[in-house]
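Asks: Got a structure here, written out as structure tokens. Questions coming.
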Amino acid sequence: MLGLNMFRRAAFFSVLLVTAMFSRGAEAVSAVVISAAKIEYAQLAAQQVSMQLDLRQSAPKLSVKSALKHSSSADLVQLRLNCAVPKKITTGAWQCTQGLIKSVGVHLPFSLDIDLANNKPEINAMLRITNASLTDSAGLHAAEKLSASVQLNATQIDKAWSWQTQLDWLAGEVFWQPFYLANAGYQLRATGQIADDLLSVDQGQLQLKPMGELNFNGQMRWRDYQLVNFNGSVPSLDLARAYPLLLQPVLEKTALGNVDISGNAAVEFSVSDAALKSFDLRLSQVNIADKNHKFAFDQINAHLPWSYDQPQALSFGYKSGALLNLPLGKTNLQAVVNRYALSADHIRLPVLDGALSLSNISATRTGGLWYWHLRAALEPINMTDFSRSLNLPLMQGTAAAEIPLVTYSRGILSTDGRVLLHVFNGTAEVTQLVLQQPLGMTPKLNADIALRNLDLGDLTRTFSFGAIEGKLDGDISGLQLQNWKPVQFDARLYSSAGHYPKKISQRAVENISALGGAGATAAIQRSFLRFFKQFNYQDIGLSCKLRHDICYMSGIEATPQGYVIVKASGIPSITVMGYNQTVAWSDLLARLKRVTDGNTKAVVN
């Protein structure tokens, strides 16, 4: 306890000084001033030291001024302190007022009371900080109108000191990157010992009203401030109160950075030689919902233990949930974690009326990043319910998938195999699927999609496009989505091979014409074709290459005037031409929206 020993040495020196003053020849002395240009002790240096003892009053006053500098800092700290000197210097009560610590960005007024027990190796001290402020040049740490009190009691037993302390935050606000605390009422209590080079905390408690409390014990080396060991526990943490103050600041750039949360958590952890050795987290009746509506989980109950030395079995369950508005059913997960690796034989996640079934799960954390792989299968889900959940036009049929291997590495999810969906009496096959940061702020997706034998009747009825009979194929290669919006692809839609009825309604002709030009609509209105409700066709085809928000469009074949979208066949028949070879992607989406909004007639720009 260097501060206490130094104070006792200073007090002993003051005894000698006062004795000398009141000895023979010292009657005329009214004040004693001691100055030093520089005093060094360990890693601390005091410069411009001035100590003045004023003897003109009944109770002597000691004034101290100095500039302090730590070896690790280039800044000087100004210290000022006035103390009332007790009659018994080494055993009396020192009352120090008008204390001030000041440096660049720091203004810390304080008072200090120290009571040295009579003829006992014991000290009692009270430090009061009033209306202090501080800030650093980087703006990462600041405090305003800070008031606090620190009480310390210490007793020497043999060569060790036994101590206890209490710190109360009384007023003010503190910003300590990334945390901001503005409500007083926090309290720290601790008891322990100092022996040789070790500071031991036998029992400590940090009260974070009204969130909860942290109980702790441990040891720290003085010479390098290294944690030898540390054990902590939070028996009950109110997540609704703790989230905005303690959790959100450190989770801000993660998927949990903007959520509503409630429920209770309990955690225990252990540190040895400055490294985490174990923790045990329990969640009870936790509800969490992303404010951006990406996910939500109700009534989470979980036991998540971890140990550096021993494998641990963990469990995680919730009553219901939603992912990107898709309803999730009751789920209970079981897994084994072995140091930085996790494994599970099988996990089933109910989704709508089906489920996502995962097997052969293996994950490991290396270099601060997760790497994992698994096999996946999507049990059939109803596409009508799927459409409603995502606010899409109602689709018929079911969707199912079998994925031999899913891999996640460095924030990137990829598949080895195909995702096969059964929709509109045809299929949609997704390959080369790569998803980056799926729950992050800007997720990215790459994929190739092959559409085969989609029923145009079901498709056009679903999207209110006007009736078309036939079948449709499509290829979308090099699809790139950022934040779930297309930024690049090569897309081609065309009639499926084979023999089947091919009919197109007048309204569908008008809507198709609205996408590529007004020629077909004008031709219908100027001729006898306006008397027919539907027409025969031979082929339908439309292509778009999206680059930098521009769609480069083409059709079945090129003509001097543009390109063919619908090629005529039989009687009555009509050929639909496209004339816009480039169109802004946002404009094309706006056209599609207009022509699919119920029975609204197409508008051509």
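We did not get these values from a lab; they are worked out from the coordinates using the rules stated. Nothing here was measured: the structure is a model prediction, and the numbers come from that model. Ideal geometry is used to build each Cβ from the backbone, glycine not excepted, and the neighbour counts take in all protein chains shown.
Asks: Find the centroid of the Cα atoms in the stretch 229-296 and in the stretch 352-417, then give the distance between the two in whole Å.
Replies: 27
Asks: Which whole-Hz ³J(HN,Hα) couplings does the stretch 69-84 yield from phi under the Karplus relation 6.51 cos²θ - 1.76 cosθ + 1.60, θ = phi - 60°, glycine and proline marked x?
Replies: Result, rounded to whole Hz: 8, 8, 4, 8, 10, 9, 8, 8, 10, 7, 10, 9, 7, 10, 10, 7.
Asks: Any idea what diffusion coefficient the chain gets from Stokes-Einstein, in µm²/s, Kirkwood Rh on alpha carbon pairs, 10 °C, 1.306 mPa s?
Replies: Stokes-Einstein gives a translational diffusion coefficient of 50 µm²/s.
Asks: Next question. Viscosity 1.567 mPa s, temperature 4 °C: Stokes-Einstein D of the stretch 311-377 from its Kirkwood Cα radius, in µm² per second?
Replies: Rounded to a whole number, D works out at 100 µm²/s.
Asks: May I ask you to evaluate 6.51 cos²θ - 1.76 cosθ + 1.60, the Karplus curve with θ = phi - 60°, for each residue of the stretch 442-459 and list the ³J(HN,Hα) values in order in whole Hz, giving x for glycine and proline?
Replies: 9, x, 10, 9, 10, 6, 10, 10, 10, 9, 9, 6, 6, 6, 5, x, 4, 5
Asks: Tell me the Kirkwood hydrodynamic radius of the stretch 226-339 in angstroms, computed as one over the mean inverse distance between distinct C-alpha pairs.
Replies: Evaluated on the stretch 226-339, it is 15.4 Å.
Asks: Under a 5 Å amide H to amide H cut-off, with H placed in plane at 1.01 Å, what residues pair with Tyr186 once short-range neighbours are removed?
Replies: Correct list: Trp169.
Asks: Then there's this: List Ser554, Ser58 from most exposed to least, where exposure is judged by having the fewest other Cβ atoms within 10 Å.
Replies: Ser58, Ser554
Asks: Give me Rg over Rh for the stretch 424-596, both radii from the alpha carbons and Rh done the Kirkwood way, two decimal places.
Replies: Radius of gyration relative to Kirkwood radius: 0.99.
Asks: Quick test of the membrane-span-like rule: which DSSP H helices of the chain reach at least 20 Å along their long axis (C-alpha atoms) with mean Kyte hydropathy at least -1.0?
Replies: 2-21
Asks: Do any trypsin sites (Lys or Arg not before Pro) in the stretch 240-277 lie in a loop, going by DSSP, with at most 12 other beta-carbon atoms within 10 Å of their beta carbon, and if so which?
Replies: The qualifying sites are Lys253.
Asks: What are the ³J(HN,Hα) couplings of the stretch 289-296, residue after residue, when phi is run through the Karplus curve with 6.51, -1.76, 1.60 and θ = phi - 60°? Round to Hz, x for glycine and proline.
Replies: 9, 6, 5, 8, 6, 8, 7, 7
Asks: On to the next question. Mind grabbing the base-10 log of I(q)/I(0) for the stretch 95-212 at q = 0.21 Å⁻¹? Debye formula, identical points on the C-alpha positions, no solvent, two decimal places.
Replies: One equal scatterer on each Cα of the stretch 95-212 leads to -1.20.
Asks: How large is the Kirkwood hydrodynamic radius of the stretch 328-487, counting all unique pairs of alpha carbons, in Å?
Replies: Mean inverse Cα-Cα distance, inverted, gives 17.5 Å.
Asks: Summing -39500 (n - 2.57) over the DSSP H runs of n ≥ 4 in the chain and dividing by its residue number, what mean residue ellipticity at 222 nm do you reach, to the nearest 500 deg cm²/dmol?
Replies: One gets -3500 deg cm²/dmol as the mean residue ellipticity at 222 nm.
Asks: Using a Debye calculation, one point per C-alpha and no hydration shell, please list log10 I(q)/I(0) for the stretch 420-514 at q = 0.12, 0.23 Å⁻¹ in order.
Replies: Scattering profile of the stretch 420-514, log10 relative to I(0): -0.48, -1.14.
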